[in-house]
Structures are given as C-alpha cells and as structure tokens.
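Student: Here's a structure for you.
Each reported figure results from applying straightforward, stated rules to the coordinates on display, with no laboratory input. Note that the structure is predicted; figures quoted are calculated from it, not measured. Because the Cβ atoms are built from the backbone with ideal geometry, glycine has one as well, and the counts that use them run over all protein chains shown.
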Protein chains: 2
Amino acid sequence: MIILYHYVPVANGGKVLIALHEKGIAFESRWVDLHKFEQHEPDYLKINPEGQVPTLVDDGQAITQTSVINEYLEDAYPDAPKLRPDQPLEIARMRQWNKYIDDQVMQAVSIHGWQVNAGAIARAHSDEDFGRLVARIPLEQQRIKWRTAREGFPQEKLDEATRQVEEAVARVEEALANGPWLLGEFYSLCDINFFAYCGGALERMFPAIGNRETCPRVMDWVERMNARPGVARAMAIRAPEAA
Amino acid sequence: MIILYHYVPVANGGKVLIALHEKGIAFESRWVDLHKFEQHEPDYLKINPEGQVPTLVDDGQAITQTSVINEYLEDAYPDAPKLRPDQPLEIARMRQWNKYIDDQVMQAVSIHGWQVNAGAIARAHSDEDFGRLVARIPLEQQRIKWRTAREGFPQEKLDEATRQVEEAVARVEEALANGPWLLGEFYSLCDINFFAYCGGALERMFPAIGNRETCPRVMDWVERMNARPGVARAMAIRAPEAA
C-alpha cells in the first residue's frame, strides 16, 4: 500500500500527485500543513528526517526527493501507463530536463513563491515563535531560506530568478517546436516536472512572461496539460477540512 | 562510437571515467584543459553549450550531466557489468544517494577545491585576461564562482562546507555498517559518485575528517575502491602531453 505525505498540489507535492494520478496508482493521502510547520513535527521527522514534503511510503519503505519518487513509480509499477520513454537516449533527454528543472527552474520560481507565501507565513508568527519553529528545521539551507523569506529576498535576487524563469520558458518554447511535449511525441515526467514547478503557475506568477505573445507554444502546452484528466484530478486536491 | 570530453580523473570527470572503465566500455578520450579554459572555447560550446565537462558523445548524440551520463550507460549498455541494482527500491536508494552527493556533497567539496585550484588558475591571469575569460562563460553561477575563487571564499562559507563534508562522511560511515558498499552488498553508481567527489580526496583534502579514528569504515571503503581494477585504470589517466 502507498501512502503519500504531501501539501497542496503545486511544486513538489503537485509533481508526485500528478504522476500518481496519471499512472492511476491508488494511494492514501496524508496532509502535511506547511502553514502549521507540520513537516518539522517529531512524528513526521521519523518518516522523513529532512523534514520535507512529499514523502512516498510504499509497503513501509519511505522514498524522498520528487524526481527519485517519480522514477521509482516507473520502476515499481511497470504495468501502469508509462511516463518514461523506452529508448536510452530519450530517457537521458528526460533526465537532463529533470535535472535542469529540479536544480535551476525550481529554485528560481521558488524564490518568488517563498517571497510571497513563506514570507506571509513567517511574518504571521511572533519573533519568539518563529525562532522556535525555525530552530527545529533539520536542514541548514532551509533555515536560511525561512529567515530570508521573513525579511524579504533582496531585489537583485528576485530579478535574477525572474531572468532564469524567462530563460527556462524560452528553452521550453524552443523544444515545443518539435512536438506537443518536451520530448516531442512522448508525454513524460519532464512535462509534469516543468508544469508543477513553473508552467502551471506561469500566467498567475509571471504574467509578463506567461502570455501568448511571449511564448505561444508554452501557453498551448499549459492548456494541453490542464486538459489531461490525471492532471485535472491532481490539481483538484484540497485540504481535508476544505474537501 | 563513444567520445568522452573530460579533464583530470577526479570530480565530474572521474565519475564518468570510472563508470566507463568499470563497465569496460571502449571510448575515445578528448582532453579539455580547464587550466586553459578550453571548456569555454567556441568549438567545445558547439558540443556542450553550457561549457562544462564532461560531455559524452555516443553515436553523434551529446549527453551532459554526470549522473544522467552514468545512468545512460546503464540503459544503453545492458550487457556490460551492471552498476545499478535491479530492484525498484534499491534503485531509488541509489538515486537518493546520487541526489544528495550531486547537490550537497559535490558543492561542499567543490568550494574547497575551487578555493585552492581555481583560485590559483584565476590569479595566474591578469585582470584584463581574467575578465575576458570569465565574460565568455555561459552559466551565470559559474561566472560568479570563478570571480569568488579569484578573490577567495569567505571563511564562514569554507567552514560551512567543511561541516557538510563531515556530515556526509558520517552518513556514509553509518551506511557502511550494512555491507562493503553504500547500498550493502551491491557495488553501484553511488559508490563511484561519492568516491569521485569526496571519498577519493578525503585523506588529502580533509585530513582531520579522513582518518581511521573518525571514520574507519569509510577508510576501508576507500581502500576497496582503489583496489578495483576499473577504478585504478581510470585514476591513472593523465593529460596527453604527460602520458
């Protein structure tokens, strides 16, 4: 049996939720509320010592890191619809995209997301409460990120992040000249990856980039993504209270 | 036919050179001298627009990113000795190690490596020459790294990097309680990864960490790695002039 510990269906959580729904793999959802810092509660740290979401637990075994989880689903559930191509060179192309998206695109979008969302969460706590909450975060770089989000990122960091998003969108626009998906004809994990971290939020977060004048093929691709039943089901997931 | 563009057999280059030798895959070596900034020459940028080494070219197709290259070799050469386990959960464990090593361990060791090696290379050029060489580096974060290396990294950054190396070595020491290799009985790409970025240079670069008192199992593992014929052959590779 699969259990997924996750938050809202965007970014890290969205990436795995979409893959599970696209593959039609049944799983039990366990909501981890980042607004309440539940990812740093002792019980959750027993499952994922780094205090990050999502974590997939399959038959009692915890697996972390979104791209690792999504390739695990390919390896462990070969009878479900495939989201990874068969040919070695195509697999390498998918992983090059995933590495670029995980390392660079995710970070760039995330700075803007943290500036708005995490900043608001962090400032809603008193200095004392916030200090206590941050002190129990296991990863040093996450502690730094929370403190920076509370104070606000410097403008030059935000501008550089915007530039990286522009570059990523331009790369995807170019790739989509060769077919409906990032790899051409084959819909794969790198489409899901780019959608979860960037594409799905492009129009809302970066309207000056995410529009039909700047990147018509990317905007068509966003529509194709949203029209997929697996994507739509994943995106419709809400917190248990609001369900 | 495989061509590998690479520099000395440590870090990024070492990681792919070891995998190729362990698998016994024949390849043509093309030396790219980082001391001469050859990775940013126009001819090389045609092969890898990011100006990084190594690049593997198989049958005319360029593949970049060391962990992507090494998994490509597993996918494309299934008859060669396997460096990736068969079971989905074991593969996920290998990829979790690889992600941790690529994202965190490599960066931490690299700061010390850049401080010493890249710093010396950078300072050997005049201000004008250095400015010209850095201006043609395609990746912004690489330009920043070169400029910082020339000036020297701040001590707190070096200390934090040392702390991360300590943490990584402690994790590996713990994992090696379960067998001779990081995954237990199965020798895999994550052993090669940790050796190329950290283990193989531990005694030399971090003598206060890499010793028998601090991490006896890691030191035994380094010996086992060095005793492997494929590793020894890869590590013996020298620049064409010196060969």
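Student: For chain A, what is the charge dipole size about the Cα centre, in debye to the nearest 20, if Lys and Arg each add +1 at the Cβ and Asp and Glu each add -1 at the Cβ? Before the final figure, lay out each step's value.
Tutor: On the way: 27 positive and 36 negative charges, 58 e Å.
Charge dipole, chain A, about its Cα centre: 280 debye, nearest 20.
Student: What translational diffusion coefficient, to the nearest whole µm²/s, does segment A:88-228 have by Stokes-Einstein, given a Kirkwood radius computed over alpha-carbon pairs, a temperature of 37 °C and 0.692 mPa s viscosity?
Tutor: Working: Rh = 16.4 Å.
Roughly 200 µm²/s, to the nearest whole number.
Student: In the protein assembly as shown, with Lys and Arg counted as +1 and Asp and Glu as -1 at Cβ, which of these residues, A:Tyr77, B:Gly230, B:Cys198, has the Cα nearest the positive end of the dipole, that is, farthest along it?
Tutor: B:Cys198
Student: Above 14 Å lies some portion of the pair distances; for segment B:89-166, what is it as a whole percent of all C-alpha pairs?
Tutor: 67 percent
Student: Another question about this same structure. Can you tell me what share of the DSSP beta bridges in chain A is antiparallel? A percent to the nearest 5 is fine.
Tutor: 65 percent
Student: Something else about it: If you take the charge dipole of segment B:1-112 about its Cα centre, with +1 on Lys and Arg Cβ and -1 on Asp and Glu Cβ, which of B:Leu34, B:Met94, B:Leu56 is farthest toward its positive end?
Tutor: Projecting each Cα onto the dipole axis, the largest value belongs to B:Met94.
Student: Moving on. Which of the lysines could be linked to A:Lys99 by a straight reach, that is with a Cα gap under 16 Å, when you skip same-chain ones fewer than 8 residues away?
Tutor: The reachable lysines, counting only those whose Cα sits under 16 Å from A:Lys99, are A:Lys15, B:Lys99.
Student: Taking only C-alpha pairs under 8 Å that are 6+ residues apart, what is the relative contact order of chain A in percent?
Tutor: Relative contact order comes out at 27 percent.
Student: Let me ask you something else. For a test of the definition: using alpha carbon positions, the gyration tensor, and the 1.5 limit on a/c, classify the protein assembly as shown as rounded, prolate or oblate. Working shown, then result.
Tutor: Values: a/c = 1.30, a/b = 1.29, b/c = 1.01.
Rounded is the answer for the protein assembly as shown, as its axis ratio a/c remains below 1.5.
Student: Using the count of nearby Cβ atoms within 10 Å as a rough guide to exposure, how do B:Ser126, A:Ser110, A:Ser29 rank from fewest to most?
Tutor: On the way: B:Ser126 9, A:Ser110 18, A:Ser29 14.
With the sparsest Cβ surroundings first, the list reads B:Ser126, A:Ser29, A:Ser110.
Student: Given +1 on the Cβ of Lys and Arg, -1 on the Cβ of Asp and Glu, and no further charges, what dipole in debye does the protein assembly as shown carry about its Cα centre, rounded to the nearest 20?
Tutor: 360 debye
Student: Can you give the net charge of the other residues whose Cβ lies under 15 Å from the Cβ of B:Glu28, counting K and R as +1 and D and E as -1? Intermediate values should be presented prior to the final figure.
Tutor: On the way: positive: B:Arg30; negative: B:Asp58, B:Asp59.
Surrounding charge for B:Glu28 is -1.
Student: Given 20 °C and 1.002 mPa s, compute D for chain B with the Stokes-Einstein relation, Rh being the Kirkwood radius over Cα pairs; round to the nearest whole µm²/s.
Tutor: Approximately 114 µm²/s, per Stokes-Einstein.
Student: With θ taken as phi - 60° and the coefficients 6.51, -1.76 and 1.60, list the Karplus ³J(HN,Hα) couplings across segment B:58-69 in order, rounded to whole Hz; mark glycine and proline as x.
Tutor: 10, 6, x, 9, 7, 10, 10, 6, 4, 6, 5, 4
Student: Calculate the FRET efficiency for B:Asp33 and A:Glu140 from the Cβ-Cβ distance with a Förster distance of 35 Å, rounded to the nearest 0.05.
Tutor: With R0 = 35 Å, the Cβ-Cβ based efficiency is 0.50.
Student: Next question, about the same structure. Arrange B:Asp58, A:Asp79 by Cβ neighbour counts within 10 Å, fewest through most, would you?
Tutor: Ranked by crowding around the Cβ, least crowded first: A:Asp79, B:Asp58.
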